[in-house]
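Okay, structure first, notes after.
Derivation of every value follows stated rules applied to the coordinates shown; laboratory data play no part. Owing to the predicted nature of the structure, the values given are computational and were not obtained by experimental measurement. Here the Cβ positions follow ideal geometry from the backbone for every residue, glycine too, while neighbour counts run over all protein chains shown.
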């Protein structure tokens, strides 16, 4: 039976243990709850508007950031008002992050990092300040006290950042003298697959003796005034820790370190078991409620806490979108204990519901939430991707098994910045943009990324030495590429893939120029065919019903391009075209059909090869866009009062004809008949 005191400590750990901090409710919506939602806040962050930046509903102070003031806390303060990871990411786009991080004290940099993913260009500076704080705290506060601060730092960092920190400590022969003497921190790192034994300290060097003597002399010469300054810093930093860590410092201050870390400390052990260490994000849950709540009713929250295990809540906070934003709109519950209790109650209930929704969409129960949370926790890039992209980014990341590069194509309908990726220069790709048929720049980029991943052309290996050796030059193209406007695009593509390989983010090396050029030719042709078909369908929809070629089964067809649809077995995908009945239903179900367009050279295929290819394409179209679909586009929801799930009686698979069409009419007719027989629900035709 857990006592009230133990329950308070446990709940405090659960409420606060995701380590990230606060970002404010958004003006007109948070991160997208689905791939079809608006991303106005993120877009405005990347393309700043005239109004001053804000977070948590609070405008930043005039003149912020003022680097000349040397006021670290003032530089950090606006970030602490944010109420979601997405807002925190968006605010970073409004400032010079490397300069801001450089201007923070080491401790304030640690606090900044606890809020979520720091922008890539400032991440290295942040990690170096984290390293400096680990060394300072261990040497100044002593191992037992420092461990609590260090655990907060470790718990609020991503796995890839921690690997870098462990490498630096071992290289400087500081790993064993810091983390090696912190048993609880070691255990939490090992639970995340980060064993200190995998990266031991370097061998002894003569300079290590002088370094140790210098530290000893500094300790002996510490004056009383300096000790007072030490205590002032310690007390301030202690007060800025989340309550669960402050409780651990209470234990350290009351007992000897050995007794504190013994196996018999059941309360601390039980908290560890629940929290698995302290994942990123829980700070947002308690932000704005005040931390003075002395007790909470066990009966009222027991079930909610079971559902909101730290890893589950981590995934929900990053992916929650508007559902999480509504939590913070419950702030006006009043002041004092009862007001804070009411606010926590509202947040717990809404987050529990959002967690259930996410769990249902993953379709794998609690284990799926844990996997998703670990994918987010493993890499800073994944945290940013989900923080900005919302629910659909989380689902895409889960389906890609944590591989952000594979997840990005599934977010092709996101507006600028929705996947958290920086804008890139891609030369002639701009010529493929046609927003009138749904081919925005983001759609084009994402479609090309998906096609490139599946391309079978010759590639260079994922060896940075080889890639740098064969690095293409913009000014010195090979003879076959001279005068080709796509060479600029290829150089950019190659550099981007090289960067991904260096960071361990790419599973494949770049295509060689010949393979990329061939892929791009087919890609451009496919988009052109898709564009022509969309225009043809719109013309068809405008005709009287009896004269229509494609849409005769609709009374008032509404044509939508690049529509996000989801199925339990195939996950989130984007249909080239979805047609939905917009007219009166007359008592029947609302008719929905999907279209998939293919530009594929079938002209030289024999009977068996042709039949197998068309059956494969038809099966894929049915699996992704047929049968029962969950339509994710917000603008279509008013047409679906019975819910977003609809039955699709027919999928249209339309191939580009002309020179790509099979030359043998008998082979073609047999293949189409066989495909439509083997894959009922798909209609195959050529245009």
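Along its principal axes, the stretch 110-159 has C-alpha extents of 33, 17, 16 angstrom, given from the largest down.
For the stretch 590-620 and the stretch 99-124, write down the distance between their C-alpha centroids in whole Å. Spelled out, the Cα-based centre of one part sits 51 Å from the other. Going from the residue with the fewest nearby Cβ atoms within 10 Å to the one with the most, 603, 473, 244 rank 473, 603, 244. The shape of the stretch 427-523 can be summarised by an equivalent ellipsoid whose semi-axes, obtained from the alpha carbon gyration tensor, come to 23, 17, 12 Å from longest to shortest.
Averaging the Cα positions of each part gives two centres, and for the stretch 431-458 and the stretch 367-383 these lie 27 Å apart.
Among 140, 232, 594, the order by Cβ neighbours within 10 angstrom, fewest to most, reads 232, 140, 594. Its residues counted as N, the stretch 553-686 yields a C-alpha radius of gyration over 2.2 N^0.38 Å of 1.13.
Run through the DSSP bridge list for the stretch 540-687 and note the antiparallel percent, rounded to the nearest 5.
Around 65 percent of the beta bridges assigned by DSSP in the stretch 540-687 are antiparallel ones.
The calculated FRET efficiency for the pair residue 246 and residue 503, based on their C-beta separation and a Förster distance of 30 Å, comes to about 0.25.
Taking other C-beta atoms within 10 angstrom as a stand-in for reagent exposure, 64, 513 fall in the order 64, 513, fewest first. Considering all C-alpha pairs of the stretch 471-614, those separated by over 24 Å amount to 58%.
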